[in-house]
Amino acid sequence: MGAKEKILEETKSKGVRFVSLEFVDILGNAKACEITVNQLERTLDEGLWFDGSSVYGFVRIHESDMFLKPDLNTFAVLPWTDDRVARILCDVYIDEKTPFDGDPRYALKRMLKKAGEKGFDYRVGPELEFFLFRDGNSDDIKPLDDASYFDVAPKDPAVDAKRDVVSCLERMGMVVEMSHHEVAGGQHEIDFKYGNALTIADSVLTYKTTVKTIGKKHGLYASFMPKPVFGINGSGMHVHQSLWKGDENAFYDGNDPYWLSDVAKGFIAGQLFHARALSGVVAPTVNSYKRLVPGYEAPAYICWGRINRSALIRIPAARKKEGIRAELRCPDPSANPYLAFAVMLGAGLDGIEKKMKLPAPVEEDVYQFNDSKLKQLYINKLPASLEEAVGEMERSEIIKESLGTHIFEHLIMAQKADWDEYRTAVTEWERKRYFPVL
C-alpha cells in the first residue's frame with residue numbers, strides 16, 4: 001500500500017472529517033487552509049492553489065496565485081480534535097512544478113541537497129524550552145510556579161499537562177525521550193529524538209503547536225518567547241548537530257582527544273567564524289538579545305569547549321561514537337527552524353570547504369573573563385542587539401547563499417522594521433525611571 005492509500009485508509013478508519021494543509025512563512029509562523037476529507041484525494045493528487053499575497057514575504061498582489069504541494073510523509077491525525085482533524089505539511093510552489101524561493105522549507109531542502117552532494121546527511125536534535133503562565137495577559141506575566149530544575153509534583157503543577165503533550169506527540173509519530181521542569185520557575189522542556197534536519201524542523205512546528213494547544217486545554221498559556229520574564233533564565237533552543245555518511249558519524253575520530261574528526265573541527269570552526277552573522281537567523285527577535293547575556297546559562301561569547309556551558313558550542317559527553325555531536329547554544333525558540341538549520345549547515349559546510357582551523361577549547365567560565373582576558377584568548381562576543389545582528393547578517397554572503405536572496409532580503413526588511421518600532425517605543429522601564437524625576 002502506497003503513502004496516499006495509507007492516508008486515505010487512516011482518515012476513513014478514524015473518521016477524520018477535515019484536513020489542515022500547513023506551511024510556514026518567513027518569520028516561522030505556521031499558516032494553514034482547511035479542506036474537507038471529501039477533497040483530500042484530489043488534493044493529494046493535484047495540490048491546491050491559494051492566494052499568497054497576504055502572507056508576509058511571499059508575493060505581491062499582482063502575482064498572488066501560489067500552489068501547495070502536500071508532503072505525504074508528514075500526515076498526522078491531531079489527537080486533541082478527537083481524531084476529527086488531520087494535518088499535512090506542504091511545500092509552496094509558484095506553479096505545479098516550480099518550488100518557491102521564499103518557502104523556508106525549500107531553503108532547508110536546498111542546503112540539505114548541497115550537503116548530500118558532499119556525501120553528508122545533516123542530523124539535528126533541538127531542545128526547545130518554554131514557559132507556562134496562568135494566562136496570556138502580557139500586562140501581568142507571572143510564571144505558573146517557582147519550581148526549579150527537575151522538580152516533581154506537586155512543586156511542578158504542570159506534570160499532567162506535559163504528560164498530555166507527550167502522549168499527543170507520540171500519537172503523531174514523534175519519539176519523545178524526556179520531559180522535565182527547567183531551571184527557572186514555570187519553565188519546561190520536552191526532548192524528542194534527533195534526526196534528519198528537515199524531519200526535525202517539521203517536528204519543531206508540531207511540538208510548538210501541540211504545547212500551546214494542550215496548555216490551553218489545561219487553562220495555561222505556553223510561551224516560546226526567548227526572555228519573557230526579567231531576572232530569570234530565558235528559553236533557548238540548543239541544537240545538537242552532526243554530519244553522517246550512511247551509518248557512520250562523520251564527526252567521530254577515536255584518535256582525537258575530543259573524539260572529533262577533521263570534518264567536525266571544520267564544521268565547528270565555520271560556525272564559530274560565522275557566529276555573529278548566524279545570530280540574526282537563530283536569534284531573530286528584539287527579545288532574543290535580552291536572553292543572550294552573561295549569568296543566565298545563555299552564551300554571550302564565541303568559543304567552544306567540552307564541559308563548558310558558558311561556551312557558544314559545547315561538545316557533550318558521549319559513551320560511543322554515534323553520540324559525538326556539537327551543541328550550538330545561541331538559537332532560541334523564536335527562530336524559524338527551517339531557516340535556522342539552513343544557515344547553521346551553511347556555516348558549517350563553509351568551515352569544512354575552507355579547512356578553517358578550530359581554535360583551542362575554553363573550559364573555564366567565560367562569564368568571569370574581563371575584556372583583557374577575552375582579548376588575550378581572541379574570544380569575540382555575540383551581537384548585543386537585533387540591530388547589531390542584522391548588520392552582521394546583511395554583510396554575510398554565506399547567510400545570503402544559505403537562505404536564498406528572496407528570504408534573505410525579506411527577513412532583513414522585517415527585522416529592521418521590528419527594530420525601528422522597538423527603538424522608538426516608550427517602555428515601562430523608561431516611565432518608571434524618568435517620569436517621577438523629570
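Nothing in this text is a laboratory measurement; each read-out follows from the coordinates by a stated rule. Everything quoted here is computed from the prediction, not taken from an experiment. Cβ sites come from the backbone with ideal geometry, for glycine too, and all protein chains shown count toward neighbours.
Can you give the alpha-carbon Rg of the chain over 2.2 N^0.38 Å, where N counts its residues? Let's see the in-between values first.
Details: Rg = 22.0 Å, N = 438, 2.2 N^0.38 = 22.2 Å.
For the chain, the normalised Cα radius of gyration is 0.99.
Compare the Cα positions of GLY351, CYS168, GLN187 along the charge dipole of the chain (+1 at Cβ of Lys, Arg; -1 at Cβ of Asp, Glu; about the Cα centre) and return the one farthest towards the positive end.
GLY351
Please list 3J(HN,Hα) in residue order for segment 424-430, calculated via the Karplus relation 6.51 cos²θ - 1.76 cosθ + 1.60 where θ = phi - 60°; whole Hz, with x for glycine and proline.
For segment 424-430, the Karplus curve yields 9, 6, 9, 8, 4, 4, 5 Hz.
Got the relative contact order for the chain handy, in percent, Cα pairs under 8 Å and 6 or more residues apart? Working shown, then result.
Details: 858 pairs, mean separation 64.5, N = 438.
Rounded, it is 15 percent for the chain.
Three principal axis extents, largest first, for the C-alpha atoms of segment 221-346, in Å?
Cα extents, longest axis first: 45, 29, 27 Å.
Search the structure for amide H atoms under 5 Å from the amide H of ILE302, placed 1.01 Å from N in the peptide plane, and list their residues when 5 or more places away or on another chain.
Under 5 Å from the amide H of ILE302 lie the amide H atoms of ASN380, LYS381, LEU382, each far enough along the sequence or on another chain.
Given a Förster distance of 30 angstrom, what is the FRET efficiency for ASP95 paired with GLU397, based on the Cβ-Cβ distance and rounded to 0.05? Could the numbers behind the result be given before it?
On the way: r = 30 Å, r/R0 = 0.98.
The formula returns an efficiency of 0.50 here.
For segment 281-303 and segment 92-141, what is the separation of their Cα centres, given in Å?
20
Given the DSSP H assignment, sum -39500 (n - 2.57) over each helix run of at least 4 residues in the chain and divide by its residue total; what's the result at 222 nm in deg cm²/dmol, nearest 500? List each step's numbers first, then the result.
Values: 14 runs with 157 residues, N = 438.
Result for the chain: -11000 deg cm²/dmol, rounded to the nearest 500.
For segment 311-324, just list the computed ³J(HN,Hα) in residue order, Karplus coefficients 6.51, -1.76 and 1.60, θ = phi - 60°, integers in Hz, with x standing in for Gly and Pro.
Those phi angles translate into 7, 5, 10, 10, 9, x, 4, 9, 8, 9, 5, 5, x, 5 Hz.
Please report, in debye to the nearest 20, how large the charge dipole of the chain is about its Cα centre when each Lys and Arg carries +1 at its beta carbon and each Asp and Glu carries -1 there. All intermediate terms of the calculation are to be shown ahead of the outcome.
Numbers: 57 positive and 66 negative charges, 145 e Å.
The calculated dipole for the chain is roughly 700 debye.
Size of the dipole of segment 3-100 about the Cα centre, Lys and Arg at +1 and Asp and Glu at -1 on the beta carbon, nothing else charged, in debye to 20?
240
Going toward the positive end of the dipole of the chain, with +1 on Lys and Arg Cβ and -1 on Asp and Glu Cβ, which of HIS410, GLY305, VAL286 do you reach last?
Selected residue: GLY305.
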